[in-house]
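Asker: Provided herewith is a single structure, encoded as structure tokens, for subsequent inquiry.
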Amino acid sequence: MDLDIQCEEMDPSRWAELLSTMKSCKSIRLDDCNLSSSNCKDLSSIINTNPSLTELKLNNNELGDAGIEYLCKGLLTPSCSLQKLWLQNCNLTSASCETLRSVLSAQPSLTELHVGDNKLGTAGVKVLCQGLMNPNCKLQKLQLEYCELTADIVEALNAALQTKPTLKELSLSNNTLGDTAVKQLCRGLVEASCNLELLHLENCGITSDSCRDISAVLSNKSSLIDLSVGDNKIGDSGLALLCQGLLHPNCKIQKLWLWDCDLTSASCKDLSRVLSTKETLLEVSLIDNNLRDSGMEMLCQALKDPKANLQELWIRECGLTTACCKAVSSVLSVNKHLKVLHIGENKLGDAGVELLCEGLLHPNCNIHSLWLGNCDLTAACCATLATLMVAKPCLTELDLSYNTLEDEGVRKLCEAVRNPNCKLQQLILYDIFWSSEVDDELRALEESKPEVKIIS
Amino acid sequence: MASWTLCVVLVLATVAGAVGETRYEKFLRQHVDHPRTLGLMGHRYCQVMLARRQVTASGRPCKPSNTFVHAPAEDLVATCRNPADAMGIHSTSSPMGITACRLRGGDTRPPCNYRARQLQHHVRVACLDGWPVHLAGTHASPDEA
């Protein structure tokens, strides 16, 4: 039994009602329910008396340090076998860390701790690290995003990592760590015996300076399958250094997030090498990098390589225009692996989409999710899109948000959706203006074909 | 607690399987937060508000951007009486406080990570029968640009 409630203010009678349900739940999620420290007293007894509870998610409630103290009374009982604890944005400070440390030290069942969006600070997380070092702690996933951490935290983190072979996922995104700290962290990760699978360092103040050391993690940890360094100004020189690690035979990376990294078309040569040789690579995000048409054309060459196994490509907001659409189209007509293409926020225009559709319609093409939001599209391309929707049953998700499709365009899409050959499951139309008549038509369509969700 | 009440009311309306909200009500739900909900700073404003207003919800992909206007609904209704441009869009006479939420990073499924920018912008709306039903964007005052 699971309880999953989001964004619901709890009055006392509702709370009492829920408490009796909670006694037998395996998973409880109460996100943004205006809970406070007093609710924590009740939750503590639930934890105490419900040994089958494995997941507790209390994000976005002002529990405060006092709330955590109450909660931990329950968390420390021997019968508690909680595995996953989420306390993001719960107004916790470093004071909560003492309590959390005792939980980490006493509960080997705890495998996931998500405490991002709390002002824990370096001092607080140092205390947390002491808990991590306890041999009883078998934590696998640690999420510390937006915790107001600074460079000083790395020493304590590294010490903890040395003792934690169980750790699989570490997220430190949105903490101002800086290059010196990140380099130190990377050296620690290479030395640690843990088989880290996921490392997220988005917006950590990283520049190209850190990239040699991050590269070393890539070439040393075959376990690492998910790396994000998005929102760091690593630039083309940083990317070149990262590629050394990426291309290393030990590197088995699957998901690579390089969004908003200050990359230009100059990075595309190295990126192309990675795309066409790293057969493990399945998902790449290059969102918000000024790759431009010339850069894209280089990537397209790589994506035609038979060794390219990429399934998801995110090239939203990359300064692309109609000019690269022919190259992208030719990829789509030979590449059978690509399933998800995010190419929104590029001035592709109707002409660009017409070109893309040539490739999309090809029998080789297996794209099931296509994102063309804010691409300067008008009603003019909707006839071709309609043809696509009907001709390709593999297409299940289509995003056309923020395009001035007008009534005429939306009507054409509706017609396509009505066609029994159209297997679309989600038609995403955020922020498009249409008339009342078209609004009625969309509603009627949803009712007559409930397997399609029209999202706006 | 105004936004709470709005949230609960709308949740009940949807759950009750009612005919559903009007397009104007949807506009208010997705775009108007006045007075600006307290206690939510920076990106947390976007994350929490978009979830409370059911813009972010399970089964819905993360909306790439969304603007909240911190002005009385009446002011936006009044904007419909301003002359429309060639595209049929009306612009507010004076700038309003807004929070522009922009999706960061990659994932399209919740949890959706946003960045918030607080600005004083003119708000552009499309109207039907004198009611604002669509936020067509915002822009700085001409003299500021």
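Read-outs throughout are calculated quantities, based only on the coordinates presented, and are distinct from any laboratory measurement. In this text the structure is predicted, and so the values were computed from the model without any measurement. As a convention, Cβ positions derive from the backbone with ideal geometry for all residues, glycine included, and neighbour counts pool all protein chains shown.
Asker: For chain A, what proportion of DSSP beta bridges, expressed in % and rounded to the nearest 5, is antiparallel?
Answerer: Working: 0 of 54 bridges.
Percent antiparallel among DSSP bridges in chain A is about 0.
Asker: Alpha carbon centre of region B:17-85 versus region A:221-293: separation in Å?
Answerer: With region B:17-85 and region A:221-293 each reduced to a Cα centre, they are spaced 36 Å.
Asker: If you take the square roots of the eigenvalues of the alpha-carbon gyration tensor of region A:148-290 and sort them as a ≥ b ≥ c, do you get rounded (a/c under 1.5), prolate (a/b over b/c) or oblate? Before the final figure, lay out each step's value.
Answerer: Numbers: a/c = 1.95, a/b = 1.30, b/c = 1.51.
Because a/c hits 1.5 or more and a/b fails to exceed b/c, region A:148-290 counts as oblate.
Asker: Additional query: As I understand it, the dipole of the protein assembly as shown uses +1 on the Cβ of Lys and Arg and -1 on the Cβ of Asp and Glu, about the Cα centre. Which of A:Leu239, B:Ser58, A:Pro306 lies farthest toward its positive end?
Answerer: A:Pro306
Asker: Right, something else. Do you know the relative contact order of region B:25-139, to the nearest whole percent, from alpha carbon pairs under 8 angstrom that are 6+ apart?
Answerer: Values: 219 pairs, mean separation 32.8, N = 115.
Relative contact order, region B:25-139: 28 percent.
Asker: Run the paramagnetic zone check for A:Ala351: 7 angstrom along Cα to Cβ, then residues of region A:324-341 with backbone nitrogen under 18 Å.
Answerer: A:324-330, by backbone N distance to the label point.
Asker: Let me ask you something else. Please compute the modelled spin-label separation between A:Ser102 and A:Ser36, points set 7 Å along Cα→Cβ, answer in nm with one decimal.
Answerer: 2.4
Asker: Follow-up. Taking B:Lys26 as the anchor, which lysines have their alpha carbon closer than 16 Å to its alpha carbon, excluding any fewer than eight residues away along the same chain?
Answerer: Straight-distance partners of B:Lys26: B:Lys63.
Asker: First check a/c for the protein assembly as shown, with a ≥ b ≥ c the square roots of the eigenvalues of its C-alpha gyration tensor; if it is under 1.5, answer rounded, and if not, answer prolate when a/b is larger than b/c or oblate otherwise. The partial results should precede the final answer.
Answerer: Values: a/c = 1.74, a/b = 1.17, b/c = 1.49.
Taking the square roots of the gyration eigenvalues as a ≥ b ≥ c, the protein assembly as shown is oblate.
Asker: Let me ask another. Expressed as a whole number of Å, what is the distance separating the alpha-carbon centroids of region A:135-212 and region A:395-431?
Answerer: First find each Cα centre; the distance between them is then 43 Å.
Asker: Now for a separate question. Cα atoms only, region A:142-229: Rg and Dmax in Å?
Answerer: 11.4, 30
Asker: Mind checking which aspartates and glutamates have their C-alpha under 16 Å from A:Lys449, skipping anything on the same chain fewer than 8 residues away?
Answerer: The qualifying aspartates and glutamates are A:Glu397, A:Glu415, A:Asp439, A:Asp440, A:Glu441.
Asker: Can you compute the FRET efficiency between B:Ala78 and A:Asn419 using 1/(1 + (r/R0)^6), with r the Cβ-Cβ distance and R0 = 56 Å? Round to the nearest 0.05. Present the calculation step by step, with values, prior to reporting the outcome.
Answerer: On the way: r = 43 Å, r/R0 = 0.77.
Efficiency at R0 = 56 Å is approximately 0.85.
Asker: A further question on this structure: How high is the relative contact order of chain A, given as a whole-number percent (alpha carbon pairs under 8 Å, six or more residues apart)?
Answerer: Values: 1155 pairs, mean separation 27.6, N = 456.
That works out to 6 percent.
Asker: Could you work out the helix-only [θ] at 222 nm for the protein assembly as shown, with each DSSP H run of four or more residues adding -39,500 (n - 2.57) and the total divided by the number of residues, to the nearest 500 deg cm²/dmol? Working shown, then result.
Answerer: On the way: 20 runs with 226 residues, N = 601.
Value at 222 nm, helices only: -11500 deg cm²/dmol.
Asker: Still on this structure, I have one more. Counting other C-beta atoms within 10 Å, which of A:Ser285, A:Ser329, A:Ser24 has the fewest, and how do the rest follow? List each step's numbers first, then the result.
Answerer: On the way: A:Ser285 24, A:Ser329 21, A:Ser24 12.
Result, fewest neighbours first: A:Ser24, A:Ser329, A:Ser285.
Asker: Could you name the lysines whose alpha carbon sits less than 26 Å from that of A:Lys307, not counting residues in the same chain fewer than 8 places away?
Answerer: A:Lys221, A:Lys252, A:Lys255, A:Lys269, A:Lys278, A:Lys326, A:Lys336, A:Lys339, A:Lys392
Asker: Once a ≥ b ≥ c are taken as the square roots of the eigenvalues of the Cα gyration tensor of region B:25-139, is the result rounded (a/c under 1.5), prolate (a/b larger than b/c) or oblate (a/b not larger than b/c)?
Answerer: Working: a/c = 2.01, a/b = 1.70, b/c = 1.18.
Since a/c reaches 1.5 and a/b is larger than b/c, the shape of region B:25-139 is classed as prolate.
Asker: Need one number: nm distance between label points at A:Ala444 and B:Asp85, each 7 Å from Cα along Cα→Cβ, rounded to one decimal.
Answerer: Going by the 7 Å Cα→Cβ label model, 3.3 nm.
Asker: Here's something else I'd like to know. For the residue pair B:His139 and A:Glu279, what label-to-label distance in nm results when each label sits 7 Å from Cα along the Cα-to-beta-carbon direction?
Answerer: Going from the B:His139 label point to the A:Glu279 one covers 5.4 nm.
Asker: Working out 0.36 nm times the residue gap between A:Thr49 and A:Gln244, then minus their Cα-Cα distance, what length gain in nm do you get to one decimal?
Answerer: Working: separation 195, 0.36 × 195 = 70.20 nm, distance 5.29 nm.
Length difference between fully extended and current span is 64.9 nm.
Asker: In region B:25-139, if the dipole is taken from +1 on Lys/Arg beta carbons and -1 on Asp/Glu beta carbons about the Cα centre, which of B:Ala100, B:Thr79, B:Met41 is farthest to the positive end?
Answerer: Comparing the listed Cα positions along the dipole, B:Met41 ranks first.
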